[in-house]
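The values are calculated or read from the model by the stated rules, or taken from the named source; none is laboratory data. Not measured: the values here are computed from a predicted model. With ideal geometry, Cβ positions are generated from the backbone for all residues, glycine too; neighbour counts draw on all protein chains shown. We work out accessible area using only protein heavy atoms, side chains counted, and drop any ligands, DNA or RNA first. Shrake-Rupley method; radii C 1.70, N 1.55, O 1.52, S 1.80 Å.
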Amino acid sequence: MRRFLQSDLFYSFRYSPVAIVSFVIIVFIILTAIFADLIAPNNPFDPASLNLMNGFTPPMQANDFTGETFLMGTDDQGRDLFSTILYGLRISLFVGVMAVMLAMLLGVMLGLVAGFVGGWIDSFIMRFADIQMTFPSILVAMLIYGVAKGILPPEVRYEMSIAVLIMSIGLSEWVPFARTVRGSTLVEKEKEYIIAAKMVGLSRYQIMIRHILPNVLSPVLVIATITFALAIIAEATLSFLGVGVPTTKPSLGTLIRIGQDFLFSGEWWILFFPAVTLLAFALSINLFGDWLRDTLNPKLK
Amino acid sequence: MSYVTASGLTRQYDLSDPWFIRMITGRKANVLTAVNQVSFSIEKGTTYALVGESGSGKSTIAKMLAGVLAPSQGSVQIDGHDFNNPRLDNANKKMLRQRVQMVFQSPYASLNPRWKIGDILLEPINAFNLIEDKATRQKRVIELLEQVGMSAHDQTKYPHEFSGGQRQRISIARALACHPELIICDEPTSALDVSVQAQVLNLLKDLQQENGLTYLFISHDLAVISTMANKIGVLKDGELVEEGETSGLLANPQHAYTKMLLAAAPDIGAYIS
């Protein structure tokens, strides 16, 4: 801990207001999502607690029929928006984290193998990545989502929808990881310490995992932060298009889609609050990621 | 029989375009010969130096002797064994690997920056299963560090905490860790200050006397070579153009290229006197 407080990273953090503000927002949003049960006034995922009479209550105004007041108003089903956003954030964050982990695992593995082994395996993996890059990643995600939905039997579709979402986002975001890791691997594998490792008879696999992997990971951290923001936006986009999580367990994207239906009839808050939350979160992660990239890149120092 | 025998060592690199492109454009195949028919031998306990300018194939020869690069033609025999002998089984290959170690040119790229010095020195010991007992292994690491003039508490540090000369000492300690008989020194001092160079060279000399090591010493610095080598081979464009005992070759060079190299070496003595 003391070593961390004395590090260059922490020093640069202390003198960067953008990094501090975005970090505080990220931590705040993550904490509220984790402790949603304790903070949220009611549970929006429990249909029994919903009262349709509460529908379309504007923020901070008493409902005409029930007299209840809601911090951010309610949606068409009478769900408290504030609680729904907290619970929805939880789903968005979970999908985002898992999708990034999947993309990172896949991308780092493929990039490492492509860079270290080379030859036709390298060409195959990287041409595949090139082809995937020519499609917008949201399109790839929708394709994977559609195929997975088609393969799964109808009775498990509902339970598996979040897993399918994670897979489709994860599989559509691995390319930047693979490219970066392949590039650093090509540099590392020519260094003399790799020859030294070969000279004591280590296998290719041991050299890859023990020597090269730890040396190519620092740019991965930066890409992971930026991909995390992308994954959350991708999840929101998919949900907005109606192919994401089911409406009974709305994520931020689902809420924005619901809100969009009512925007022009004057119920602005259903769209506004989820959209602002998504904006604040994605922007903070991106700004934090940019700061991290600048700090960890020795060429910019 | 000499300890190391290289006979007809050749290494070619295929730099031509893929055959498909060649078929369309009609370009010829382009093969670069980095090392061409080089033969030499090293007696046990002596130092053989290869000298030559950049691109003359010195490092390629070093890699072929180290067993990390296969020769296109010819062979290397180390104590009667050949890395590229298809009949060499794994146990013998391991034994052969243990006998040959290398000290590299760049003190910055030759140590894994994410590993502690202790782990770097333990790697060869563990790879060859030399010491079973953990406490003895620790003792051996300390012994190695002291052998190259470093102290025991350096084992918990990372490579970036050391200077170039110190890193080169660690590199030497790593090479010594598995009790090798042949050490290939690929320009071990060319990245160091002159004063540090002398220390590292003296260390290498002392270690040779104590352990009866055989050195293949690669350098482009004739002053360094004259203090280290028993025998010198001069490389030019991948070919061995001249070979001889150190004193004889430096006093009476035969080949035009050797004469040129000697003439090109800066002689500071002339300015002092």
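Scan A:G253, A:G259, A:G242, A:G201 and give me the residue that is in contact with a Phe, Trp or Tyr (Cβ under 9 Å, 6 or more places away or on another chain) and on the phi > 0 side of the Ramachandran plot.
Going through A:G253, A:G259, A:G242, A:G201 in turn, just one is in contact with a Phe, Trp or Tyr (Cβ under 9 Å, 6 or more places away or on another chain) and on the phi > 0 side of the Ramachandran plot: A:G201.
Select, from A:M142, A:M101, the only residue that is within 22 Å of A:I209 (Cβ to Cβ) and aliphatic (A, V, I, L, M).
A:M101
Considering each residue of the stretch B:41-72, count those that are open to solvent by 50 Å² or more (accessible area, probe 1.4 Å), at pLDDT below 90 and of a type outside the set (S, T, Y), and give that number.
2
Please find, within the stretch B:12-35, the residue that is nearest to B:T246 (Cα to Cα) out of those that are in contact (Cβ under 8 Å) with a residue 60 or more places away in the chain and open to solvent by 50 Å² or more (accessible area, probe 1.4 Å).
B:T33
So if I check each of A:L221, A:L279, A:L230, which one is crowded, with 19+ Cβ neighbours inside 10 Å and at negative phi?
Selected residue: A:L230, the only one of A:L221, A:L279, A:L230 that is crowded, with 19+ Cβ neighbours inside 10 Å and at negative phi.
Taking the condition of being within 14 Å of chain A (Cβ to nearest Cβ) and closer than 18 Å to B:Q101 by Cβ, how many residues in the stretch B:160-177 meet it?
10
Would you check which residues across the stretch B:153-181 are touching a Leu at 6+ places or on another chain (Cβ under 8 Å), of a type in the set (A, V, I, L, M, F, W, C) and not in a helix (DSSP H, G or I) and list them?
B:A177, B:C178
Could you please find all residues in the stretch B:204-222 being closer than 26 Å to B:P266 by Cα, modelled with pLDDT of 90 or more and surrounded by fewer than 18 Cβ atoms within 10 Å (Cβ to Cβ)?
B:K205
Suppose we keep only residues that are surrounded by fewer than 19 Cβ atoms within 10 Å (Cβ to Cβ) and of a type in the set (D, E) within the stretch B:84-123. Which one would you say is farthest from the other protein chains (Cβ to nearest Cβ)?
B:D89
From the list B:I172, B:I225, exactly one residue is buried (at least 19 other Cβ atoms within 10 Å of the Cβ), at pLDDT below 90 and β-branched (V, I, T). Which is it?
Exactly one residue qualifies, and that residue is B:I225.
How many of the residues making up the stretch B:225-250 are under 17 Å from B:P188 (Cβ atoms) and in contact with a Leu (Cβ under 8 Å, 6 or more places away or on another chain)?
Residues that pass the stated criteria total 4.
Hey, among A:F13, A:F45, A:F70, which residue is over 30 Å from A:I207 (Cα atoms), surrounded by 14 or more Cβ atoms within 10 Å (Cβ to Cβ) and touching a Pro at 6+ places or on another chain (Cβ under 7 Å)?
Criteria check complete, one pass: A:F70.
Go through A:L217, A:L255 for me and flag whichever is within 30 Å of B:F128 (Cα to Cα) and modelled with pLDDT under 90.
A:L217
State the number of residues belonging to the stretch A:42-54 that are touching a strand residue (DSSP E or B) at 6+ places or on another chain (Cβ under 6 Å) and more than 22 Å from A:V245 (Cα to Cα).
1
List the pairs whose first member sits in the stretch A:180-207 and is at the interface with chain B (Cβ under 8 Å from one of its Cβ atoms), whose second member is of a type in the set (K, R), and whose Cβ atoms are under 6 Å apart, counting only residues at least 6 apart or on separate chains?
Hits for this filter: A:G201/B:K94; A:G201/B:R97.
So which residues in the stretch B:73-83 are in contact (Cβ under 8 Å) with a residue 60 or more places away in the chain, open to solvent by less than 30 Å² (accessible area, probe 1.4 Å) and in contact with a Lys or Arg (Cβ under 9 Å, 6 or more places away or on another chain)?
Of everything in the stretch B:73-83, just one residue is in contact (Cβ under 8 Å) with a residue 60 or more places away in the chain, open to solvent by less than 30 Å² (accessible area, probe 1.4 Å) and in contact with a Lys or Arg (Cβ under 9 Å, 6 or more places away or on another chain), namely B:I78.
For the stretch A:149-174, give me the residue count where each residue is open to solvent by 50 Å² or more (accessible area, probe 1.4 Å) and not in a helix (DSSP H, G or I).
The total comes to 1.
Out of all the residues in the stretch A:237-257, which are within 12 Å of A:P44 (Cβ to Cβ) and crowded, with 19+ Cβ neighbours inside 10 Å?
A:P250, A:S251, A:T254, A:L255 - these are the residues of the stretch A:237-257 that are within 12 Å of A:P44 (Cβ to Cβ) and crowded, with 19+ Cβ neighbours inside 10 Å.
Restrict the check to the stretch B:132-140 and report whether at least one residue is within 11 Å of another protein chain (Cβ to nearest Cβ) and either in contact with a Gly (Cβ under 9 Å, 6 or more places away or on another chain) or assigned to a strand (DSSP E or B) (or both).
No, the stretch B:132-140 contains no residue that is within 11 Å of another protein chain (Cβ to nearest Cβ) and either in contact with a Gly (Cβ under 9 Å, 6 or more places away or on another chain) or assigned to a strand (DSSP E or B) (or both).
Answer yes or no as to whether A:F177 is outside any helix (DSSP H, G or I) and not β-branched (V, I, T).
No, not satisfied.
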